[in-house]
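Have a look at the structure below before the remarks.
Derivation of every value follows stated rules applied to the coordinates shown; laboratory data play no part. Quantities reported herein were computed from a predicted structural model and do not represent experimental measurements. Reconstructed Cβ throughout: ideal geometry from the backbone, glycine too, with neighbour counts over all protein chains shown.
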Amino acid sequence: MPCAVFGASGYSGVELIWLLHNHPDFDVRYSFSSSARTAEPVSQLYPQLTDRLDLILQPWHPDLLSELAGQVQVCFLALPHEISAELAPQLTAAGLTVFDLSGAFRLRDASIHQSAYGFALPLPDESIAYGLAEWTELSGTEALIAVPGCYPTAAALALLPVLPFISSTCTPVINAVSGVSGAGRKAAVHTSFCEVSLQAYGVGTHRHQPEIAQVLGRPVLFVPHLGNFKRGILETIYVELNDDVTAEQINTAFTDAYAHRPLIRMRACPPAISDVAGTPFCDIHWQRHGRQLVLCVAIDNLLKGAAAQAVQLANQYYGLPDTAGLNTIGGVI
Ligand SMILES: NC(=O)C1=CN([C@@H]2O[C@H](COP(=O)(O)OP(=O)(O)OC[C@H]3O[C@@H](n4cnc5c(N)ncnc54)[C@H](OP(=O)(O)O)[C@@H]3O)[C@@H](O)[C@H]2O)C=CC1
Ligand SMILES: CC(=O)N[C@@H](CCC(=O)OP(=O)(O)O)C(=O)O
């Protein structure tokens, strides 16, 4: 399957080209950076790929669109939200299937989208699939698949199986910590390594709060933190259960949801970030204390939270096993 990756010079983009390069069914024909760069080998930016990935990063220019449409069938976009919002409709109009890693197409409600992202929702709802891989059935005909956000992926995978058991008066509390790669490659003082400690940000106002609420169909309180490590997300989630919910019911709910899902691992003890960093897995552990349920969930933000979930969705889209091309451990950055 010939494909193109936009934003290939960035953190989630480089993970994408590495996964797709090693995938038995995809062939990366184009890897684009922004027009601010000149053409250069990807190993110039990521020396760890020297002699391992012989791809040229090509600056994107809109004049390339018709050539691209003749050469590939599918595009992966790892771009800033506003850039995806503008480019994705042009690619789908040219007949290309788009997997978009940005937040441009995730939210359904136009006013919530406007206040979360600061620009108008780009397309009508009907043309977009929200692709939480374990919970979305792709038909293989969708033009545009919005890959969920990194924090929402972890929260939704942990909470969806137990949703029927959560008390109607409870607001799930999602306490999350992310590594610095979550903020992307571009330089900024607050994500500069010596500046980062461990600190909450965007409390109750982060754009992922409405995304998580949309997936679950109920309000949540989401508290992200930035930690001084490279990659990975750990979320500890607190909910109150209905009366009389048994441990066996919870266990059965997770087994029913995930027993045949190879990228979800139910864990006997709380997962560590190092268990999932560099892997496409989502690790989940739960513990009940009376009516309180504590869920611990870990993913790699750049893989299950971005590039690997996009590849998993593309696998589903083209009728391949979820794990095709994802049997790797390591990650690029
Ligand atoms: N980092 C993460 O953990 C996750 C990120 N995402 C989403 O993925 C997307 C990319 O994020 P991330 O990889 O972190 O970002 P980076 O900042 O690391 O990379 C951004 C990429 O976009 C390119 N780009 C920027 N502006 C333009 C433009 N005008 N035209 C074409 N290309 C452009 C950059 O090119 P250049 O190098 O030339 O500037 C670079 O390749 C974002 O929407 C983000 O929200 C989703 C889940 C997790
Ligand atoms: C640590 C950090 O800064 N994380 C980013 C979220 C990661 C990301 O890129 O967001 P999407 O999943 O929506 O694409 C943030 O809080 O904005």
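Treating only the Cβ of Lys, Arg, Asp and Glu as charged (+1, +1, -1, -1), what charge dipole size does the range 151-299 show about its Cα centre? Round to the nearest 20 debye.
On the way: 11 positive and 10 negative charges, 108 e Å.
So the dipole magnitude of the range 151-299 works out to roughly 520 debye.
I need the peptides 288-294, 207-213, 3-9 ranked by packing, meaning the mean over residues of other C-beta atoms within 10 angstrom, with the highest value on top.
Values: 288-294: 13.4, 207-213: 23.4, 3-9: 27.7.
The packing order, highest mean first, is 3-9, 207-213, 288-294.
For helix 150-159, report the angle its Cα long axis makes with the longest principal axis of the Cα atoms of the chain; keep it between 0 and 90° and round to the nearest 10°.
Between the helix axis and the principal axis of the chain, the angle is about 30 degrees.
Between GLN71 and TYR238, what is the label-to-label distance in nm when each label sits 7 Å out along the Cα-to-Cβ direction?
5.3 nm
Using per-residue counts of other Cβ atoms within 10 Å, averaged over each peptide, order 302-314, 131-143 from highest down. Write out the running numbers ahead of the final one.
Details: 302-314: 28.3, 131-143: 15.6.
So the peptides 302-314, 131-143, ranked by packing, come out 302-314, 131-143.
Compute the signed sum of charges (Lys and Arg +1, Asp and Glu -1) over the other residues within less than 15 Å, Cβ to Cβ, of ALA298.
Details: positive: LYS230, ARG231, ARG265, ARG267, LYS304; negative: GLU235, ASP275, ASP283, ASP300.
Local charge sum for ALA298: +1.
Treating only the Cβ atoms of Lys and Arg (+1) and Asp and Glu (-1) as charged, compute the dipole magnitude of the chain about its Cα centre; round to the nearest 20 debye. Can you show the working numbers first?
Details: 17 positive and 29 negative charges, 136 e Å.
Using only the charged Cβ atoms, the result is roughly 660 debye.
Per 10 Å bin, what is the whole-percent P(r) computed from every C-alpha pair distance within the range 151-299?
Bins of 10 Å from zero give 11, 40, 34, 12, 2, 0 percent of pairs.
Give me the one-decimal nm value for the distance between modelled label points at ARG218 and THR141, 7 Å along each residue's Cα-to-Cβ direction.
The answer from the label model is 3.4 nm.
Considering the convex hull of the alpha carbon atoms of the range 1-139, report its projected area averaged over all viewing directions, in nm², one decimal. Don't skip to the end; give the middle numbers.
On the way: hull surface 36.8 nm².
With every direction weighted equally, the projected area is 9.2 nm².
What is the sum of charges around VAL215, taking Lys and Arg as +1, Asp and Glu as -1, for the other residues whose C-beta is under 12 Å from the C-beta of VAL215? Spell out each step's value before the answer.
Numbers: positive: ARG106, ARG108, ARG218; negative: GLU134, GLU211.
Local net charge: +1.
Ranked from highest to lowest mean number of other Cβ atoms within 10 Å per residue, what is the order of the peptides 24-35, 72-83? Write out the running numbers ahead of the final one.
Values: 24-35: 17.6, 72-83: 21.3.
Result, highest mean Cβ count within 10 Å first: 72-83, 24-35.
Mind checking which of ILE273, HIS260, ALA104 is farthest towards the positive end of the chain's charge dipole, using Cβ charges of +1 (Lys, Arg) and -1 (Asp, Glu) about the Cα centre?
It is ILE273.
What share of all Cα pairs of the chain, in percent, falls into each consecutive 10 Å distance bin?
In whole percents, the pair-distance histogram is 6, 27, 35, 24, 7, 2, 0.
What number, rounded to the nearest 500 deg cm²/dmol, is the helix-based mean residue ellipticity at 222 nm of the chain, given -39500 (n - 2.57) per DSSP H run of at least four residues and division by all its residues? Please list the in-between numbers first.
Values: 10 runs with 88 residues, N = 333.
Result for the chain, helices only: -7500 deg cm²/dmol.
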